[in-house]
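Chemist: Here it is: the structure, laid out below.
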Amino acid sequence: MLGAVVLCGAGVWFARSASPEPAPAPAPAAQVADDAGDARATTSFDGPLVHRRAAVAVHTVAGADPRHVARELRSAATGAGVGALTESTFAVFSADLLGYLVPELTVVLPEGATVVEAEAFMRDHRPADVGFYVVEPVLVHDLTFAVVPAAGVAPAAVRDAEDREGVLSDSLNHYETTVQRAGLTVRYFGAILSDGQVLAVREAMARAAHVTPERVGVEAGEPGPGVDLSNGTPDLEDAPHRHG
């Protein structure tokens, strides 16, 4: 069940620059304090924030450059009409898969692409530097944090303070910050975050923006109903498909 946090659209906030501070959020639901190590984190930030995707774990041949392989795959996906591939950390995969392979490269197919389609794409467009690969359905967090700083605090200064502190890097590993006239957003796409990690990011952004954590919004990075995790992780149906 989606945590009761600020879910005001960042675009709405920033469009109303005459009123730069959003209304206070309701008190958040009880946090799930689960940083689960190698297992998938437990989170109350589910629903539209969590999506089922098809992902490919790539093991490259000796001496290959994973960045070059990633460029080849992105180009092939565009040419084949698959759509944009998103790189992610290997943490999106199941513990069973990671017991078999820790990939040098992880790519996630667009929303709606199936494991069968991912397999077909890799079969037809496999770069020469790919030694073998595994295709698996995964759950990803696709969410955006947004904040309007306190009066007199520039959004660019908030970004710089966040980067210096390093909490976002520690909690998210990879993220994209967008500075706008009235505020800034931080986009995260990757393995499921625990409530503790989400709270750490909100607190770090709040410190940098000189506001309270309740004023840091958390919203879906893309439309759609997403995946309800209130009854646990759903059966993702497909077993990993391994190809040498």
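The values are calculated or read from the model by the stated rules, or taken from the named source; none is laboratory data. Please read these numbers as outputs of a predicted model, since none were measured by experiment. Using ideal geometry, Cβ is built from the backbone for each residue, glycine included, and neighbour counts are taken over all protein chains shown. Just the protein is used for accessible areas: all its heavy atoms, side chains included, with ligands, DNA and RNA removed. Shrake-Rupley method; radii C 1.70, N 1.55, O 1.52, S 1.80 Å.
Chemist: Within the group Val56, Val61, Val50, which residue is hydrophobic (A, V, I, L, M, F, W, C), under 29 Å from Asp235 (Cβ atoms), at pLDDT 95 or above and in contact with a Gly (Cβ under 6 Å, 6 or more places away or on another chain)? Before the answer, list the steps.
Modeler: Working: Val56 fails: in contact with a Gly (Cβ under 6 Å, 6 or more places away or on another chain); Val61 fails: under 29 Å from Asp235 (Cβ atoms).
Answer to the check: Val50.
Chemist: Where residues in region 195-216 are within 18 Å of the chain's Cα centre (by Cα) and over 18 Å from Ala154 (Cα atoms), which of them is surrounded by the most Cβ atoms within 10 Å (Cβ to Cβ)?
Modeler: If we filter region 195-216 for residues that are within 18 Å of the chain's Cα centre (by Cα), which is where we start, we get 195-202, 204-205, 216.
From what is left, the residues that are over 18 Å from Ala154 (Cα atoms) are 195-201.
Numbers: Asp195: 22, Gly196: 17, Gln197: 22, Val198: 28, Leu199: 21, Ala200: 19, Val201: 25.
Applying the filter and picking the extreme gives Val198.
Chemist: Please state which of the following conditions Leu85 fails to meet, knowing it meets all the rest: (1) surrounded by 18 or more Cβ atoms within 10 Å (Cβ to Cβ); (2) free of Cβ contacts under 8 Å to residues at least 40 places away in the same chain; (3) out of contact with any helix residue (DSSP H, G or I) (no Cβ under 6 Å at 6 or more places or on another chain); (4) under 21 Å from Glu222 (Cα atoms).
Modeler: Of everything listed in (1) surrounded by 18 or more Cβ atoms within 10 Å (Cβ to Cβ); (2) free of Cβ contacts under 8 Å to residues at least 40 places away in the same chain; (3) out of contact with any helix residue (DSSP H, G or I) (no Cβ under 6 Å at 6 or more places or on another chain); (4) under 21 Å from Glu222 (Cα atoms), Leu85 misses just condition (3).
Chemist: Residues of region 128-166 being assigned to a helix (DSSP H, G or I) and either open to solvent by less than 10 Å² (accessible area, probe 1.4 Å) or of a type outside the set (Gly, Ala, Ser) (or both), which ones? Even if it seems obvious, please write down each step before you answer.
Modeler: To start, the set of residues in region 128-166 that are assigned to a helix (DSSP H, G or I) comprises 155-165.
Answer for region 128-166, where residues must be assigned to a helix (DSSP H, G or I) and either open to solvent by less than 10 Å² (accessible area, probe 1.4 Å) or of a type outside the set (Gly, Ala, Ser) (or both): Pro155, Val158, Arg159, Asp160, Glu162, Asp163, Arg164, Glu165.
Chemist: Name every residue in region 95-124 that is in a loop (DSSP other than H, G, I, E, B), open to solvent by 20 Å² or more (accessible area, probe 1.4 Å) and farther than 25 Å from Pro223 by Cα, in order of residue number. Quick ask: steps written out before the conclusion?
Modeler: Just the residues of region 95-124 that are in a loop (DSSP other than H, G, I, E, B), to begin with: 101-104, 109-114.
Cutting the leftovers down to open to solvent by 20 Å² or more (accessible area, probe 1.4 Å) gives us 102, 104, 110-114.
Those that are in a loop (DSSP other than H, G, I, E, B), open to solvent by 20 Å² or more (accessible area, probe 1.4 Å) and farther than 25 Å from Pro223 by Cα: Val102, Glu104.
Chemist: Right, Thr78: of a type outside the set (Lys, Arg) and touching a strand residue (DSSP E or B) at 6+ places or on another chain (Cβ under 6 Å) or not?
Modeler: So Thr78 does not fit the description; no.
Chemist: Against the condition more than 29 Å from Ser169 (Cα to Cα) and either among the hydrophobic types (A, V, I, L, M, F, W, C) or not in a strand (DSSP E or B) (or both), how does Ala91 come out, does it pass?
Modeler: Against the criterion (more than 29 Å from Ser169 (Cα to Cα) and either among the hydrophobic types (A, V, I, L, M, F, W, C) or not in a strand (DSSP E or B) (or both)), Ala91 does not qualify.
Chemist: If you don't mind, there's one more thing I want to ask. Among residues belonging to region 167-194 that are assigned to a helix (DSSP H, G or I) and not acidic (Asp, Glu), point out the one that is farthest from the chain's Cα centre (by Cα). Lay out the reasoning, then the answer.
Modeler: Going residue by residue through region 167-194, those that are assigned to a helix (DSSP H, G or I) are 167-172.
Imposing the further condition that a residue be not acidic (Asp, Glu) reduces the set to 167-169, 171-172.
Values: Val167: 16, Leu168: 13, Ser169: 13, Ser171: 11, Leu172: 8 Å.
Only one residue fits best here, namely Val167.
Chemist: Would you check if there is a residue in region 55-73 being assigned to a helix (DSSP H, G or I), closer than 30 Å to Gly217 by Cα and open to solvent by less than 10 Å² (accessible area, probe 1.4 Å)? Spell out the reasoning first.
Modeler: Initially, region 55-73 is screened for residues assigned to a helix (DSSP H, G or I), giving 66-73.
Within this subset, residues satisfying the condition of being closer than 30 Å to Gly217 by Cα are none.
Scanning region 55-73, I find no residue that is assigned to a helix (DSSP H, G or I), closer than 30 Å to Gly217 by Cα and open to solvent by less than 10 Å² (accessible area, probe 1.4 Å), so the answer is no.
Chemist: In addition: Give me the pairs: first residue in region 108-126 and of a type outside the set (S, T, N, Q), second residue part of a helix (DSSP H, G or I), beta-carbon distance under 6 Å, and six or more apart or on different chains, which are they?
Modeler: Between residues of region 108-126 that are of a type outside the set (S, T, N, Q) and residues that are part of a helix (DSSP H, G or I), the close pairs are Leu109/Ala118; His125/Ala76.
Chemist: Let me ask another. May I ask you to verify whether Gln180 is closer than 26 Å to Ala95 by Cβ, open to solvent by 10 Å² or more (accessible area, probe 1.4 Å) and in contact (Cβ under 8 Å) with a residue 12 or more places away in the chain? Before you say what the answer is, go through the steps one by one.
Modeler: Details: closer than 26 Å to Ala95 by Cβ: no; open to solvent by 10 Å² or more (accessible area, probe 1.4 Å): yes; in contact (Cβ under 8 Å) with a residue 12 or more places away in the chain: yes.
No; evaluated as a whole, the condition is false for this residue.
Chemist: Could you list, in sequence order, the residues of region 63-93 that are under 13 Å from Glu136 (Cβ atoms) and touching a Leu at 6+ places or on another chain (Cβ under 8 Å)?
Modeler: Step one: filter region 63-93 for residues under 13 Å from Glu136 (Cβ atoms), giving 88, 90-93.
Hits for region 63-93 are Phe90, Val92.
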